[in-house]
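Working notes for the structure below.
The values are calculated or read from the model by the stated rules, or taken from the named source; none is laboratory data. Remember, it's a predicted structure, so these values are computed and weren't measured experimentally. Please note: Cβ atoms are built from the backbone with ideal geometry, for glycine as well, and neighbour counts cover all protein chains shown. Protein only, heavy atoms only, side chains kept; ligands, DNA and RNA dropped before computing areas. Shrake-Rupley method; radii C 1.70, N 1.55, O 1.52, S 1.80 Å.
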Amino acid sequence: MKKIVRSLLLTSLLAASFGMTAYAEEKSPIEVKGTVVSVTGTAPASSSPAPALEKSSIFYGSPTSSISSGVVVPEGAAYLYTSGTVPPVLNKDGLTVYERYGDTKTQAAGVLKSIEKQLQDQGLSMKDVIYLRAYLTADTAQEGKFDYAGWNAAYGEFFNNEKNPVKPARSTVGVASLVSSDWLIEIEAVAVFPDK
């Protein structure tokens, strides 16, 4: 019964964007139809249906997007969730937010480096990240607008590139403020431990 409920939930989540068939029988694989972006540890796949995989996370969505629409994680996988990670101080004596923490791109890169270190401490890498949630605040240097371009540029240094072709699913949320008025971004990450 538990496997049937899990399959029904997965079906409802993915059916809105892509056709999908999930099998609830013992040891049956999940089949994802739509455009498969990549499978954990491999280069991006073709737009044909995903192979039946039980041990790898499957990232799906538009091959031209810098992020995945979603991720199918194999049953029994172990997850790592980071708390919201905030920018490191660049210069504690700086007179402005930009001297203390940098602009959105600099802050985002610093946060992603901190997340990368957290993952390494647990035996993981950025290639194991399946989901990111970023909270951005308005940047006065950008006429009070959110610097999505800065966030996307920093993201591109860590994901969807030659060194790391993984394109995690991602949400970016504009918020009124973070705990410190100097922070322009805070990021949460979810990673999956690879099957050994």
- Among the residues of the range 85-106, the number that are open to solvent by less than 70 Å² (accessible area, probe 1.4 Å), within 21 Å of Tyr131 (Cα to Cα) and in contact with an Asp or Glu (Cβ under 9 Å, 6 or more places away or on another chain) is 4
- Query: within 20 Å of Val166 (Cα to Cα), at pLDDT below 95 and surrounded by 20 or more Cβ atoms within 10 Å (Cβ to Cβ) - does that describe any residue in the range 7-23?
  - Reply: yes
- Query: Which one of Ala149, Ala191 is among the hydrophobic types (A, V, I, L, M, F, W, C), at pLDDT 95 or above and surrounded by 14 or more Cβ atoms within 10 Å (Cβ to Cβ)?
  - Reply: Ala191
- Task: Scan the range 127-146 residue by residue and report those that are surrounded by 20 or more Cβ atoms within 10 Å (Cβ to Cβ), within 13 Å of the chain's Cα centre (by Cα) and not β-branched (Val, Ile, Thr).
- Result: Asp128, Tyr131, Leu132, Ala134
- Query: Which one of the conditions (1) in contact (Cβ under 8 Å) with a residue 40 or more places away in the chain; (2) of a type outside the set (Val, Ile, Thr); (3) open to solvent by 10 Å² or more (accessible area, probe 1.4 Å); (4) under 29 Å from Phe193 (Cα atoms) does Asn161 fail to meet, given that it meets all the rest?
  - Reply: (1)
